1. Condition first: modelled with pLDDT under 80 and open to solvent by 60 Å² or more (accessible area, probe 1.4 Å). Now tell me which residues in segment 21-39 satisfy that.
2. In segment 64-112, which residues are in contact with an Asp or Glu (Cβ under 6 Å, 6 or more places away or on another chain) and either open to solvent by less than 40 Å² (accessible area, probe 1.4 Å) or modelled with pLDDT of 85 or more (or both)?
3. If I filter segment 87-107 down to residues being touching a strand residue (DSSP E or B) at 6+ places or on another chain (Cβ under 9 Å) and free of Cβ contacts under 8 Å to residues at least 24 places away in the same chain, which single residue comes out as nearest to Trp77 (Cα to Cα)?
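The values are calculated or read from the model by the stated rules, or taken from the named source; none is laboratory data. Here the structure is a predicted model, which is why all the values come from computation and not from measurement. Neighbour counts run over all protein chains shown; Cβ positions are idealised from the backbone, glycine included. We work out accessible area using only protein heavy atoms, side chains counted, and drop any ligands, DNA or RNA first. Shrake-Rupley method; radii C 1.70, N 1.55, O 1.52, S 1.80 Å.
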Amino acid sequence: MRRALIVLLLLLQVSLAHGACRVEERARIPLDVVGDTIMVPVQINGHTATMILDTGAQRSVVTRDAVSRLELAQDEWAATTMRGVGGLERNRNALPRSLSFGGIPLVRRTLTRDTSLTVASLPRSGVDGRRIDGLLDGISCRCTTWNST
């Protein structure tokens, strides 16, 4: 019983600490909505990439064409295997020197704080005549998996 009371008090303290949080605007980012597609500008290695905001994605993705155009190095250690309607696809991850969204640098909350991107083919290469360089996972935008430095 005493342990349960201590755990309850600790949980209450944690919940009160979260109640003190406040939301601050850190950036304004232009969204370009084309049909049901939300496109956003992302800065990668000093270049502007046009990416689809994908709120269901677990990782951000760049196309093979974008790897070359954005001067992305390939990760010698990590690769990702993707499965889709077209079958399996395995590519080395891409390693940008810099990655930012709305002027806020993005770094994943991992032990190595890496910025690696999955490289994969997309079902379409453009929307409304505009090139698609990849997908930005929605978690990056909320900064819950990604952290600004």
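1. Matches in segment 21-39: Cys21, Arg22, Val23, Glu24, Glu25, Arg26, Arg28, Pro30.
2. Within segment 64-112, Ala66, Arg92, Asn93, Leu95 meet the criteria.
3. My answer is Leu95.
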